[in-house]
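Below is one structure; the comments refer to it alone.
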Amino acid sequence: MNIRTQLTLSYIGIVLLVLFAMDFYLGRALEGVLSDRITNELEVQAALTREFLLEELPETDGFDYAVIDGIVDRLGETGKVRLTFIGADGIVWGDTERDGQLLIEMDNHLTRPEVQEAITEGIGSEDRFSDTTQTEYRYLAITVKQDEDLIGICRVALPKETINTVLGSQRRILLYVTIAGSVLAILFGIFSTGAIVKPIKRLTQITQSIAAGENSSRVEVKSDNELGQLSRNFNLMTDRVQEQIDRISLENQRLETILNNMSEGVLMVNGTSEITYANPAAIVMLNLPEMYLGRALIEINRIPELQALLREAEQTGTVAFSEIRLGNLQESEAEVTVVPVTAEREYVIVIHDVSHVRQLERIRADFVANVSHELRTPLTTIQGYAETLLNNGSTKSKKRKEFIVKILNHSARLSRLVSDLLELARLESGDVELKRSLCHLNEFYEQILDVFEPVLEESGVTLQWEVSEDLPQVNVDSQLFMQVFVNLIDNAIKYTPDGGMIDVSAEVVETDSDVADEVVVHIKDTGIGIPLESQPRVFERFYRVDEGRARKMGGTGLGLAITKHILLCHNGRIWLESELGQGTVLHFALPIEESS
Ligand code: ADP
């Protein structure tokens, strides 16, 4: 049953109860009042009849049936009442309902209650059934006295039917009024409960739509009463809820962005080791399948150390930390922290991939070893020759000269090594201030010839410079950039047999629409080439394909590393193509936007 029906029914119930209680009470009251009025009227009528009788009664010693009944009948003609005159001894002398013999045969009425009451009280009344007329009457009797002597009792009687008819009609009117009142009250009830229930219904609809996730609906506030207040409060509450939802979803978004973009893997597992969350980094690190949610971590990734770490966190209830090798990581080293979320009996696993750090540490260690090795070799040689010179004073001057030349060569190599190291360190530190200016690549040609002409002549290697004048200018630090040409052409000469050919060319290469076009320079030689496996490594510091040969050539193994860094400083890039025994092409590119 809905609230409207409930309210309407209870309202109708109350109204009907009140109206019918009122009807009952008023009916009773009306009955009382009417009854009293009828009694009063009977009383008046009895009194009047008595006065008539006293005047009309013959002044004889005894009563005569015919005379008295005649008077009584006459008096009774005018009204609807029954009139009776009873002698003081109870004999009925006159009655409007009986005449002649029947009157004479009437019972003695002295014992009639109203007569008895009248004798004792002066007036008496009674509702009862008349044996004489076989009808129910209301009787009212009063004494008739002559000179203080009771000569008889005058009795008036009204049939109860007449009283009931009057009463009935009055009650009917009352009932009609009650019914009309009820109908009106019910109509009003239906209307007013409708008015009360309407906003409640609206509230219900809105709460339903809010529960379904539609938060923009608001209740119309139409009045200032409690329902209006409720609607207003409801709207306020919905606003607050919306604010909270907005705030929470914003925080969720932030959190999601952080988790999605952080390099650490974040994973959540429940008490039974089932995955409840994994961020993209964790998915990659642990190589999780597509449907990983709800699956046990141990099922997917069998890393005993990780399971041991989870158990440790479970047993101690505190944070557990360890460095673990995760098979899916490149260098497979990761710092893993397991944090128990005790209230939920969940665990947050944070995986920090430290393989890059470890790799850097290794590179640094290798570098130190390499530098030490590179420095020690010429130093030992210098020390050896110097000691020989010192200990063998008698050494021939030709030999001495040879030793001193060797010492000088190795010192020069040491000095080159140190200056290359310093240059590389400066470039790697990133705080190189580029003194950029626009220049055409052809502007480098003359300087290049100045540097290499003697070597080229000596080795019989030909340098071909084929750079068009139409090529756009490049915006570079020309001093630093000269180093790129020097290193690359120097390598090309060093690793090209005598009589070979070096070809320098350049072109504009169009790139994707969102990236600037590039000037790409190619330095092609007909030299010994670089084996495939060494090609990705030649840009590493101290990497040399053939250490002995490179050293003999005076290379430090840092040339290409320096070149790569100079290009990186100019937002450029470098790569190579090479075929063993055929030659090598070094390509480098500079973005035009950056360079012109
Ligand atoms: P280096 O000072 O030894 O030349 P680089 O860093 O310039 O050091 O070069 C690293 C290594 O790459 C060289 O030792 C050499 O083996 C190889 N290399 C570089 N350029 C060439 C080339 N044009 N032809 C063949 N090998 C080359």
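If we keep just the residues of segment 80-122 that are under 17 Å from Val44 (Cα atoms) and of a type in the set (Gly, Ala, Ser), which is surrounded by the fewest Cβ atoms within 10 Å (Cβ to Cβ)? So, considering only residues that are under 17 Å from Val44 (Cα atoms) and of a type in the set (Gly, Ala, Ser), the one surrounded by the fewest Cβ atoms within 10 Å (Cβ to Cβ) is Gly122.
Evaluating Val219 against the criteria (1) part of a loop (DSSP other than H, G, I, E, B); (2) open to solvent by 40 Å² or more (accessible area, probe 1.4 Å) leaves one unmet condition, (2).
Where the second residue is open to solvent by less than 30 Å² (accessible area, probe 1.4 Å) and within 9 Å of the ligand (Cβ to nearest atom) and the first is touching a residue at least 12 places away in the same chain (Cβ under 8 Å) and acidic (Asp, Glu) and lies in segment 569-589, which pairs have Cβ atoms under 7 Å and are six or more apart or on separate chains? Qualifying pairs under 7 Å: Glu579/Gly529. Scanning segment 512-542 for residues that are under 15 Å from Trp575 (Cβ atoms) and in contact with a Phe, Trp or Tyr (Cβ under 6 Å, 6 or more places away or on another chain) turns up Val521, Arg537.
Whenever a residue of segment 191-211 is within 20 Å of Asp239 (Cβ to Cβ), its partners that are open to solvent by 30 Å² or more (accessible area, probe 1.4 Å) and assigned to a helix (DSSP H, G or I), lying with C-beta atoms within less than 6 angstrom and at least six residues away or across chains, give the pairs Pro199/Leu227. Among residues of segment 379-398 being modelled with pLDDT under 85 and in a helix (DSSP H, G or I), the one that is farthest from Lys552 (Cα to Cα) is Ser397. Taken over segment 499-554, the criterion of being away from the ligand (no atom under 12 Å from the Cβ), outside any strand (DSSP E or B) and in contact with a strand residue (DSSP E or B) (Cβ under 9 Å, 6 or more places away or on another chain) is satisfied by Gly499, Glu510, Thr511, Val515, Ala516, Asp517, Leu532. Of all the residues in segment 446-498, those that are assigned to a loop (DSSP other than H, G, I, E, B) and surrounded by 15 or more Cβ atoms within 10 Å (Cβ to Cβ) number 7. Restricting the first member to segment 519-545 and to residues that are closer than 24 Å to Ser505 by Cβ, and the second to residues that are aromatic (Phe, Trp, Tyr) and within 7 Å of the ligand (Cβ to nearest atom), the beta-carbon pairs closer than 8 Å and six or more apart or on different chains are Asp525/Tyr495; Gly527/Tyr495; Ile528/Tyr495.
Among the listed residues Arg400, Arg416, which satisfies the condition of being open to solvent by 40 Å² or more (accessible area, probe 1.4 Å), under 27 Å from His570 (Cβ atoms) and either in contact (Cβ under 8 Å) with a residue 60 or more places away in the chain or more than 60 Å from the chain's Cα centre (by Cα) (or both)?
On the way: Arg400 fails: under 27 Å from His570 (Cβ atoms).
After applying the criteria, what remains is Arg416.
Candidates are the residues of segment 67-79 that are in contact with a strand residue (DSSP E or B) (Cβ under 6 Å, 6 or more places away or on another chain) and closer than 19 Å to Pro159 by Cα; the one that is surrounded by the fewest Cβ atoms within 10 Å (Cβ to Cβ) is Gly76.
Residues in segment 162-179: is at least one touching a Leu at 6+ places or on another chain (Cβ under 8 Å), in a helix (DSSP H, G or I) and more than 30 Å from Thr133 (Cβ to Cβ)? Spell out the reasoning first.
Filtering segment 162-179 down to residues touching a Leu at 6+ places or on another chain (Cβ under 8 Å) leaves 163, 166-167, 170-171, 174, 178.
Remaining after also requiring in a helix (DSSP H, G or I): 163, 166-167, 170-171, 174, 178.
With more than 30 Å from Thr133 (Cβ to Cβ) added as a condition, the list becomes 174, 178.
Within segment 162-179, one or more residues are touching a Leu at 6+ places or on another chain (Cβ under 8 Å), in a helix (DSSP H, G or I) and more than 30 Å from Thr133 (Cβ to Cβ).
Of Ile489, Ile592, all but one fail to be aliphatic (A, V, I, L, M), out of contact with any Gly (no Cβ under 9 Å at 6 or more places or on another chain) and closer than 19 Å to Arg436 by Cα; the exception is Ile592.
Residues that are part of a helix (DSSP H, G or I) and either open to solvent by less than 90 Å² (accessible area, probe 1.4 Å) or closer than 14 Å to Glu466 by Cβ (or both) within segment 432-445 comprise Leu441, Asn442, Phe444, Tyr445, listed in sequence order.
Just one of the numbered conditions (1) within 23 Å of Asn409 (Cα to Cα); (2) more than 9 Å from the ligand (Cβ to nearest atom); (3) in contact with a Leu (Cβ under 6 Å, 6 or more places away or on another chain) is not true of Leu488: (2).
Flag: Gly557 does not match the condition of being within 8 Å of the ligand (Cβ to nearest atom), surrounded by 15 or more Cβ atoms within 10 Å (Cβ to Cβ) and under 20 Å from Leu463 (Cα atoms).
The values are calculated or read from the model by the stated rules, or taken from the named source; none is laboratory data. Bear in mind that the values here come from a model prediction, so they are computed numbers and not experimental data. Cβ sites come from the backbone with ideal geometry, for glycine too, and all protein chains shown count toward neighbours. Side chains are part of the model used for accessible areas, which takes the heavy atoms of the whole protein and leaves out ligands, DNA and RNA. Shrake-Rupley method; radii C 1.70, N 1.55, O 1.52, S 1.80 Å.
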